[in-house]
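The values are calculated or read from the model by the stated rules, or taken from the named source; none is laboratory data. Remember, predicted model here, so these are calculated numbers, not experimental data. Note that we place each Cβ from the backbone using ideal geometry, even for glycine, and neighbour counts take in every protein chain shown.
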Amino acid sequence: MAPIQGVLGGDPGLPAEVLGCRVYLNRLAGPEPLLVADCTVAGTVASRDEARAGLESLLRLLGEVLGPGGLEPVDYGVEPLARRRFTVHSSRLRGGGEARLVEARGTALAAAAVLPAGTVARVDPGARERLERGEAIRLGEALEPPVYLPGPVLEPGDGRPAGQKAIPRFVTYAAEGLPGATPSTPAIRVYTPQGTYVVDQEALLEAAGWLVLDMHCVTGWSVEGKRWLAAPLREVLRRAGAPVPSGGWLLARSAGGYSSVAPLGEALEHGYIAVGLEGGPLSQDRGAPARLLLPRLYGWKHAKWLAEIHILTGYVDGYWEARGYHERGLVALEERFKIRNPELLEAAARQA
Ligand SMILES: Nc1nc2c(c(=O)[nH]1)N[C@H]1C(S)=C(S)[C@@H](COP(=O)(O)O)O[C@H]1N2
Ligand SMILES: [Mo]
């Protein structure tokens, strides 16, 4: 798919409205299982009122199957990202969870909601059974998530990627909360359809070498030219004896339940597990004892306090992907957010 920049900023259209959602139970995305609504949206966002109305259209649609109780917004926030190239509108919900609407320069891209898994109890028994079996239920006109995003993958160009600003030091993120005591040696489990494998710490250190990389956070900051001690992911999995299929997805989970997902091919060709930084061991804030590095993908994919690797045949959202962030997240293509706007997808397909 072509980058979206070229197809944004068209004529003012109808205000953003959610057309449909794919709702499913996600047991990997966060510390607790979540009910995730991945929603299709059309139209423009010309004001905060239009954004709120768009969020309300999402909650109304969910209310048709969940009943309205608990879905009332308790607040409303706006967060510009990446030098105002993107804006996230969000509301926390009375019964827990939140709804988000993402826009790029006034064009709605996608909407999503994450709800406590207990919400499933409110769905009628037939639909509940399907959700518990791991199937998705469809409300309205919901787009399928792309199995993989086709189209040319540009190599990162020279210079700083679009929408990024260099800063000298890392900003410490821990969406799941900072971990308490950290184990001093990495214990990483690899779950595959064939079985479970363990990453041997000595093998991890043996396979590691120093390399210089930049890290780009999707919110717009970059930390450039840091020296990491890191082992190529393919080599780590080989040494663990884990069978590695040629396609599929890799979902990384942190000790505290944070998670992120990446195409397996991308992770095998360009991914590392880091154990050191700037001549020393990783600090607690940077994700000790081990973190994922996926240098061509935005920072949210680089799970810190890495505890589990899941090799999956099908796509599953991680922590931020369940909240509207991109399935793949290539920096060179500015893949910051999912696109669930049929008009944009059509326009991008025409351009490609
Ligand atoms: N476990 C965990 N890993 C995480 C995150 C997080 O919240 N929890 N945030 C991600 C994001 S959004 C970014 S940009 C980078 C930031 O890395 P840093 O905290 O070392 O600066 O970590 C990523 N890894
Ligand atoms: Mo980030």
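Filter segment 202-240 down to residues that are more than 16 Å from ligand 2 (Cβ to nearest atom) and among the acidic types (Asp, Glu) and give me whichever is nearest to TYR191 (Cα to Cα).
We begin by selecting, within segment 202-240, every residue more than 16 Å from ligand 2 (Cβ to nearest atom); these are 202-212, 225, 227-240.
Now restrict to residues that are among the acidic types (Asp, Glu): 202, 206, 235.
Details: GLU202: 20, GLU206: 22, GLU235: 16 Å.
That would be GLU235.
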Does segment 303-336 hold any residues that are within 13 Å of ligand 2 (Cβ to nearest atom) and either at pLDDT below 95 or assigned to a loop (DSSP other than H, G, I, E, B) (or both), and which are they? ALA303, LYS304, GLY318, TYR319, TRP320, HIS326, GLY329, VAL331, ARG336
Taking only segment 54-81 into account, find how many residues are modelled with pLDDT of 95 or more and either part of a strand (DSSP E or B) or crowded, with 17+ Cβ neighbours inside 10 Å (or both). 15
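Scan ARG52, ARG94 and give me the residue that is over 22 Å from the mean Cα position of the chain (by Cα) and closer than 10 Å to ALA16 by Cα.
Details: ARG94 fails: closer than 10 Å to ALA16 by Cα.
That would be ARG52, the only listed residue that is over 22 Å from the mean Cα position of the chain (by Cα) and closer than 10 Å to ALA16 by Cα.
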Considering each residue of segment 229-250, count those that are closer than 20 Å to PHE170 by Cα and either at pLDDT below 95 or crowded, with 23+ Cβ neighbours inside 10 Å (or both), and give that number. 1
The condition from (1) assigned to a helix (DSSP H, G or I); (2) away from ligand 2 (no atom under 16 Å from the Cβ) that TRP300 misses is numbered (2)
Suppose we filter segment 251-286 for residues that are among the charged types (D, E, K, R), more than 13 Å from ligand 1 (Cβ to nearest atom) and crowded, with 19+ Cβ neighbours inside 10 Å; how many remain? 1
Give me the strands (runs of 3 or more DSSP E) completely within segment 189-256, filtered to those with at least 2 residues that are under 30 Å from VAL78 (Cα atoms), ordered by residue number. 209-216, 221-232, 249-254
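Determine which member of the set LYS338, LYS301 is within 11 Å of the chain's Cα centre (by Cα), of a type in the set (D, E, K, R) and farther than 30 Å from LEU14 by Cα.
Values: LYS338 fails: farther than 30 Å from LEU14 by Cα.
Selected residue: LYS301, the only one of LYS338, LYS301 that is within 11 Å of the chain's Cα centre (by Cα), of a type in the set (D, E, K, R) and farther than 30 Å from LEU14 by Cα.
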Would segment 279-293 turn up any residue that is touching a strand residue (DSSP E or B) at 6+ places or on another chain (Cβ under 9 Å), part of a loop (DSSP other than H, G, I, E, B) and within 14 Å of ligand 2 (Cβ to nearest atom)? yes
